[in-house]
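Structure record follows, encoded as structure tokens.
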Amino acid sequence: EPEVTQTPSHQVTQMGQEVILRCVPISNHLYFYWYRQILGQKVEFLVSFYNNEISEKSEIFDDQFSVERPDGSNFTLKIRSTKLEDSAMYFCASLVGTSYNEQFFGPGTRLTVL
Amino acid sequence: GENVEQHPSTLSVQEGDSAVIKCTYSDSASNYFPWYKQELGKRPQLIIDIRSNVGEKKDQRIAVTLNKTAKHFSLHITETQPEDSAVYFCAAKGDGGFKTIFGAGTRLFVKA
């Protein structure tokens, strides 16, 4: 069964450094998402991406964040200058298309900012 | 703004008892209500979902009910087992490519 994959599983970085989190959505899916979960808290929406552009973003997704689909398979989240409060689990998700609702989540990348 | 409220935050039950988790949502455009089980350090795992044109859905020991007028929906787990212990999230979503809004989660403990 196809799955969303994410790399790395754990990323440790120094405050102020740039990080790129990578996701490979399920191949025939059209919508892509990033969510964040701070330890012990709920899953929060960051951004959705469709047809090569951002379709919606939350207040969390400020100028420090960007997303890209550099090729036909990868979907990346970049944080330009990490802060301590960016430490969280980041989940990528994908969805088949407009007529569907179930989002398929990747295993997550745990980001630790020191 | 869009919000999903979830109660209780913690629930402890004896093995074999039932567990009920309740949620309310604010966005009238929500039409899809998934429930996720999350174990420590893992991704949210979809366990059951319900669409707004259905009032109740059951899958073995798990059932969900939806009252769209009141914007309430609930998860019922019967005959709980220790392996049901996890964090459960309710969520609400509009049709199609819209984002999923999650509740704050319920930590369920099932005591053997």
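Restricting attention to the range A:97-114, the residues that are surrounded by 17 or more Cβ atoms within 10 Å (Cβ to Cβ), more than 13 Å from residue B:43 (Cβ to Cβ) and within 12 Å of another protein chain (Cβ to nearest Cβ) total 1. Might you let me know whether the range A:4-24 holds any residue that is in contact with a His (Cβ under 9 Å, 6 or more places away or on another chain) and either farther than 23 Å from residue A:81 by Cβ or free of Cβ contacts under 8 Å to residues at least 40 places away in the same chain (or both)? Yes, the range A:4-24 has at least one match.
Among the residues of the range B:40-60, are any of a type in the set (Ser, Thr, Tyr) and either touching a His at 6+ places or on another chain (Cβ under 6 Å) or open to solvent by 20 Å² or more (accessible area, probe 1.4 Å) (or both)?
Scanning the range B:40-60 turns up at least one residue that is of a type in the set (Ser, Thr, Tyr) and either touching a His at 6+ places or on another chain (Cβ under 6 Å) or open to solvent by 20 Å² or more (accessible area, probe 1.4 Å) (or both).
Consider only pairs whose beta carbons are under 6 Å apart and that are at least six residues apart or on different chains; among these, list those whose first residue lies in the range B:42-67 and is in contact (Cβ under 8 Å) with a residue 24 or more places away in the chain and whose second residue is surrounded by fewer than 16 Cβ atoms within 10 Å (Cβ to Cβ) and not acidic (Asp, Glu). What qualifies is B:64/B:57; B:66/B:55.
Give me the residue from the range A:77-91 that is more than 13 Å from chain B (Cβ to nearest Cβ) and part of a strand (DSSP E or B) and, out of that set, surrounded by the fewest Cβ atoms within 10 Å (Cβ to Cβ). So the residue we want is A:78.
Looking across the range B:1-39, just one residue is farther than 20 Å from residue A:45 by Cα, open to solvent by less than 30 Å² (accessible area, probe 1.4 Å) and either small (Gly, Ala, Ser) or not in a strand (DSSP E or B) (or both), and that is B:19. Residue B:96 passes every criterion in (1) within 11 Å of chain A (Cβ to nearest Cβ); (2) buried (at least 17 other Cβ atoms within 10 Å of the Cβ); (3) of a type outside the set (D, E, K, R) apart from (2). Could you please let me know if residue A:94 is under 11 Å from the mean Cα position of the chain (by Cα), more than 10 Å from chain B (Cβ to nearest Cβ) and surrounded by 20 or more Cβ atoms within 10 Å (Cβ to Cβ)? Taking the combined requirement at face value, the residue satisfies it. For the range A:8-36, the set of residues classified as closer than 18 Å to residue A:58 by Cα, open to solvent by 20 Å² or more (accessible area, probe 1.4 Å) and within 10 Å of chain B (Cβ to nearest Cβ) consists of A:31 only. Counting only residues that are of a type outside the set (Gly, Ala, Ser) and in a loop (DSSP other than H, G, I, E, B), the range A:57-76 holds 10 of them.
One residue stands out among those in the range A:39-61 that are loosely packed, with under 10 Cβ neighbours inside 10 Å and charged (D, E, K, R): the one that is farthest from the other protein chains (Cβ to nearest Cβ), which is A:53.
Just a yes or no: is a residue in the range A:29-52 farther than 26 Å from residue B:45 by Cβ and either in contact with a Cys (Cβ under 7 Å, 6 or more places away or on another chain) or outside any loop (DSSP other than H, G, I, E, B) (or both)? No, there is no match, as no residue in the range A:29-52 is farther than 26 Å from residue B:45 by Cβ and either in contact with a Cys (Cβ under 7 Å, 6 or more places away or on another chain) or outside any loop (DSSP other than H, G, I, E, B) (or both).
The values are calculated or read from the model by the stated rules, or taken from the named source; none is laboratory data. Just so you know, these numbers come straight off a predicted model, no measurement behind them. Here Cβ is always computed from backbone atoms with ideal geometry, including for glycine, and neighbour counts include all displayed protein chains. Accessible surface areas use protein heavy atoms only, side chains included; no ligands, DNA or RNA. Shrake-Rupley method; radii C 1.70, N 1.55, O 1.52, S 1.80 Å.
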